[in-house]
1. Filter the range 104-153 down to the residues that are among the β-branched types (Val, Ile, Thr) and either loosely packed, with under 10 Cβ neighbours inside 10 Å or touching a Pro at 6+ places or on another chain (Cβ under 8 Å) (or both), then identify the one that is modelled with the highest pLDDT.
2. Yes or no: SER214 of a type in the set (Ser, Thr, Tyr), modelled with pLDDT of 90 or more and out of contact with any strand residue (DSSP E or B) (no Cβ under 9 Å at 6 or more places or on another chain)?
3. Could you list, ordered by first residue, the pairs with Cβ atoms under 8 Å in which the first is in the range 21-32 and more than 16 Å from PHE123 (Cα to Cα) and touching a residue at least 40 places away in the same chain (Cβ under 8 Å) and the second is assigned to a loop (DSSP other than H, G, I, E, B) and among the hydrophobic types (A, V, I, L, M, F, W, C), at least 6 apart or interchain?
4. Across the range 20-43, what is the number of residues that are over 17 Å from ASP102 (Cα atoms) and in contact with a strand residue (DSSP E or B) (Cβ under 6 Å, 6 or more places away or on another chain)?
Amino acid sequence: MEKTIDEPPISAVLLEHCSFSQVVFNSVEKFYVPGGDVTCYYTFTQQFVPRRKDWIGIFKVGWKTTREYYTFMWVTLPSDLKKESIKQQEVKFKAYYLPKDDEHYQFCYVDQDGIIRGASIPFQFRPETEEDIVVVTTKGKVEEIEQHNEELLLENQELKDSCASLQKQNSDVQAELQRKQEALEELQNINKKLKQEMEEQKACWETEQLQWISLSWKPAWSTERVPGQAPKPQRNPVSKNKNYTSKMCSIFRKKHKLSFKKKRLLVDVCSFESDS
């Protein structure tokens, strides 16, 4: 309990023997933010006459006598009680002297005899939270909010349906893409096999062409032996068609890329045929 040098008058009068209707407290907040000064507003009734030693104290809810105050402030007497008795009065409590916990407290007006003449509603010293905020609205506003909520729910359902449809389309596209990818890989394998077969066929055909060229050529000095006679030089019949052979060699060189040795052999053969 905070006390000043000049102690207020108190008494052991119990709560049930006090009168709370002679001083009315006004504009009492439910919460007062800690760390700030608190102004207490009150009004005298016509039946009550304040005196010099009256005071206002802050009591924790559940108090029994006026000795249980936490802190207090002296009341300032009005200059004209008859005219200003119904006017609102005020006292200010400094932040330093206020409670630091979040218990429930109330203002109490105590006269110089130590008797309670008025008490406020309970309040706390703590910041106001969202749970403490009460929103007051009209019936029309409530109906408007409910209608807006229904529209939002409908829109939300439509978005969910649209999302599900898009997911299905995406799944179908992914499946089609997978099928086309597999088909592409299959075509690539077939193409690879065809290329390999073409290369093998080409090599085989080149070999056959070389063999054909080799077999179609016979030396001009080849002879036919007759029993009992000396060998007689004969000219290869193919040499008669040397222009044809040269033409075929030229076409073969243009259409097919042969290795260096094969080219050299083909050139030699063609040259030999031409010379013959």
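The values are calculated or read from the model by the stated rules, or taken from the named source; none is laboratory data. Given the structure is predicted, the values throughout are model-derived calculations rather than measurements. Note that each Cβ is placed from the backbone with ideal geometry, even for glycine, and that neighbours are counted across all protein chains shown.
1. My answer is VAL110.
2. The answer is no for SER214.
3. GLN22/PHE48; VAL23/PHE48
4. Initially, the range 20-43 is screened for residues over 17 Å from ASP102 (Cα atoms), giving 20-27, 39-43.
Checking the rest, the ones that are also in contact with a strand residue (DSSP E or B) (Cβ under 6 Å, 6 or more places away or on another chain) come to 20, 22-27, 39-43.
Within the range 20-43, residues that are over 17 Å from ASP102 (Cα atoms) and in contact with a strand residue (DSSP E or B) (Cβ under 6 Å, 6 or more places away or on another chain) number 12.
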